[in-house]
Amino acid sequence: MTTTANGTAEGTQSGGGAAGGGPTQEVTVGPGGDLVFEPAELTIAPGTTVRWVWDSDNHNVVRSSQPEGADWDGTEGGDSETYNTGHEYSHTFTVEGTYEYYCTPHRSAGMVGSITVQEGGGGGGGGGAAAEQDPEHMGVPIQAHFVGIATILMIIVSLVYTFFVVKYGESPHTEGGN
């Protein structure tokens, strides 16, 4: 691993766990410069290796919670060490449960992720109807299509109001000439 002038490390590192034989899932760190993990939520079977691959600079993977008996710590250096584009970090998850993690510099921007390890897991994070999330779960108080309908309705009301103001001008109850 090499360290750059700004104090961040580049290179690869491998986390603990039995590395070998099992399937591998990939998580992109900061895809296209966005402050997210892609996928943010992943469900895997025990023995699966997760490989985080950096697509932008100044990110890390810091564990916020894990099941009892698990030995995952996230990237080396904890909160203080960040890594740049091209860095890779891997860990093999063997203990069932939910692991939550974040990127220290971008946690307040919502750069968080979770991994659920369960028998029969595998896949996860992909598209499709099964991956859709309830907007209320994500903090959206109402369904998104209601917002769209309300927006269209307000545009129509604004146009009708503007039409009548332009067509009829002033109120008939005002004094003075035109």
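No lab work stands behind these numbers, since they all come straight from the coordinates. Model, not experiment: these values are computed from the prediction. Reconstructed Cβ throughout: ideal geometry from the backbone, glycine too, with neighbour counts over all protein chains shown.
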Item to check | Chain lengthening between Tyr168 and Met154 when straightened (0.36 nm per residue, less Cα-Cα) | outcome: 2.9 nm
Next on the checklist: Per residue of region 153-167, what does 6.51 cos²θ - 1.76 cosθ + 1.60 with θ = phi - 60° give for ³J(HN,Hα)? Whole Hz please, x for Gly and Pro, Karplus curve as stated.
Outcome noted: 4, 5, 5, 5, 4, 5, 5, 5, 4, 4, 4, 5, 5, 5, 5
Next on the checklist: Can you sort Trp72, Trp52 from fewest to most other Cβ atoms within 10 Å of each residue's own Cβ?
Outcome noted: Trp72, Trp52
Checklist outcome for this item: FRET efficiency for Ser80 and Glu41 from the Cβ-Cβ distance with R0 = 22 Å, rounded to 0.05, comes out at 0.25
Checklist entry - For a label point 7 angstrom out from the Cα of Val147 toward its Cβ, which stretches of region 26-59 have the backbone nitrogen within less than 12 Å? => result none
Checklist entry - Quick one: what do you get for region 24-127 if you divide its Cα Rg by 2.2 N^0.38 Å? => result 0.98
Next on the checklist: Could you give each residue of region 146-152 its phi-based ³J(HN,Hα) in whole Hz, using Karplus coefficients 6.51, -1.76, 1.60 with θ = phi - 60°, and x for Gly or Pro?
Outcome noted: 5, 5, x, 5, 5, 5, 4
